[in-house]
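K.L.:
Sending over a structure as structure tokens; questions will come in a sec.
We did not get these values from a lab; they are worked out from the coordinates using the rules stated. Treat the numbers as computed from the prediction; the structure is a model and nothing was measured. Note that each Cβ is placed from the backbone with ideal geometry, even for glycine, and that neighbours are counted across all protein chains shown.
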């Protein structure tokens, strides 16, 4: 069987090499007539990732056709699967997403998926992602779109509502939550059998069991959490602990993402004061061109950075450089899904983002939800019998569902008023006047990469 996979955004320092590893480590895929297209608009990085992919294939004794291109049309011809993770000048705009809403009194944290910053991040990436989806409609209408681009739920909402392409949104965030559960329970996370549902970056473990014995581990988890020291990994798990104490379920993946959706959650994130820090008296980074240091959390004690570091300290996730990278599975889900759909595997996927079709009670049908699934020759089959989440949790999620719907309508209708409606629903927004001023400033700052609004 011939399988062609197009990796869009392959020039990325993280996504490109990880995708190459996953593809060539798959025995099932490499038994097929495999073609891999590495596509990126950054032509400078393409020869690098092409050479790296060829070296990985040789090292693993894999035979595949590998090409690289900056042409989206060329990448999509006869393609079966399109895997994407794209960003536009990430830290330049992300610094705006983070700081501009704060200037107007909105306690924007992180600014990737939620808050006013998350809305503008979504508008930029929806515009770019829909260009890919609409090209797919013309060139490879039967292909699957496997999307990693954030804000995942909002981007997938746009693909679902504004294109006809088959798609699934993918994120490894649940693995972070599973790792945290293993730490609390003092168990190997591979011995945990978990079921979680919710929205991307705010998912809730509804079932935690011992894979070997079937024991319900929630009572043990709650007991162990009470014994744990409060300062342990504060920025990652303190919020999750408080949410479990309040709502009865442990959330995933960690504070930096969950905090974007909850008004009061900033009390449980200490690093928000140093994320993207700069002295405004010296000019804003989008004016000076000096990108502020990206601090994800206090893990690794980033304030111990030397006074005069010799290297850029923005790289939080160090994957190794060039040929020094370890060739291993990324634990992302795109390749297991392809193995199921095209190679006869029967793969359980911990989390997929798909339109709700009576999968999650309490969430409107059609909204993008995150839940487990099986990928097999019968297709991608989300779990059908999810339990209803607690009403307080559903209320948090439904607010985001409404914001997402309004955002897609604003994008589609070019409606500035619908955009304002979405912004005013954001939990961190506390002033109408400031919401309007913030919206107008962001529209002006990012006009070159945003859709036009009337």
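K.L.:
Please report the projected area of the range 39-93's Cα convex hull averaged over all directions, in nm².
P.N.:
Mean shadow area of the hull around the Cα atoms is 4.9 nm².
K.L.:
Can you give me the C-alpha center-to-center distance between the range 134-161 and the range 341-413, rounded to a whole angstrom?
P.N.:
The two parts, judged by their Cα centres, are 15 Å apart.
K.L.:
Let me ask something else. Using Cα pairs under 8 angstrom and six or more residues apart, how large is the relative contact order of the chain, in percent?
P.N.:
16 percent.
K.L.:
Provide the gained length on full extension for the span residue 58 to residue 434, in nm with one decimal, where the gain is 0.36 nm per separating residue minus the Cα-Cα distance.
P.N.:
129.7 nm
K.L.:
Let me ask you something else. Out of every Cα-Cα pair in the range 211-251, what percent are more than 15 Å apart?
P.N.:
Of all Cα-Cα pairs in the range 211-251, 44 percent lie more than 15 Å apart.
K.L.:
Take residue 27 and residue 377, extend 7 Å from each Cα along the Cα→Cβ direction, and tell me the distance between the two endpoints in nm.
P.N.:
If labels sit at residue 27 and residue 377, their model points lie 1.9 nm apart.
K.L.:
Using 7 Å Cα-to-Cβ label points, what is the residue 279/residue 416 separation (nm, one decimal)?
P.N.:
3.7 nm
K.L.:
Based on the alpha-carbon gyration tensor of the range 122-230 and its eigenvalue square roots a ≥ b ≥ c, which shape applies: rounded if a/c is under 1.5, prolate if not and a/b is larger than b/c, or oblate?
P.N.:
Verdict is prolate for the range 122-230.
K.L.:
What number, rounded to the nearest 500 deg cm²/dmol, is the helix-based mean residue ellipticity at 222 nm of the chain, given -39500 (n - 2.57) per DSSP H run of at least four residues and division by all its residues?
P.N.:
For the chain, the value works out to -12500 deg cm²/dmol.
K.L.:
Looking only at the range 365-383, which residues have a backbone nitrogen under 17 Å from a spot 7 Å from the Cα of residue 346 in the C-beta direction?
P.N.:
What the label zone holds, given the 17 Å backbone N cut-off, is 373-383.
K.L.:
So, in nm, how far is label residue 227 from label residue 135 when the simple model puts each one 7 Å beyond its Cα toward the Cβ?
P.N.:
Placing both labels 7 Å beyond Cα along the Cβ direction yields 5.5 nm.
K.L.:
Here's a follow-up. Hey, quick one: spin label on residue 409, modelled 7 Å out along Cα-Cβ, who in the range 419-449 has an amide N within reach, i.e. under 14 Å?
P.N.:
419-425
K.L.:
For the modelled label position 7 Å from the Cα of residue 395 along Cα-to-Cβ, which residues of the range 179-207 have backbone nitrogen atoms closer than 20 Å?
P.N.:
Residues 198-199, 202-205 fall inside that zone.
K.L.:
Next up: For residue 385 and residue 327, compute 0.36 nm times the residue count separating them, minus their Cα-Cα distance, and round to one decimal in nm.
P.N.:
17.2 nm
K.L.:
Shape of the range 289-430 from its Cα gyration tensor (a ≥ b ≥ c, root eigenvalues): rounded if a/c is under 1.5, otherwise prolate when a/b > b/c, or oblate?
P.N.:
Oblate.
K.L.:
Checking the a/c ratio against 1.5 first, then a/b against b/c, what shape does the Cα gyration tensor give for the range 233-372?
P.N.:
Oblate, because a/c is 1.5 or more while a/b does not exceed b/c.
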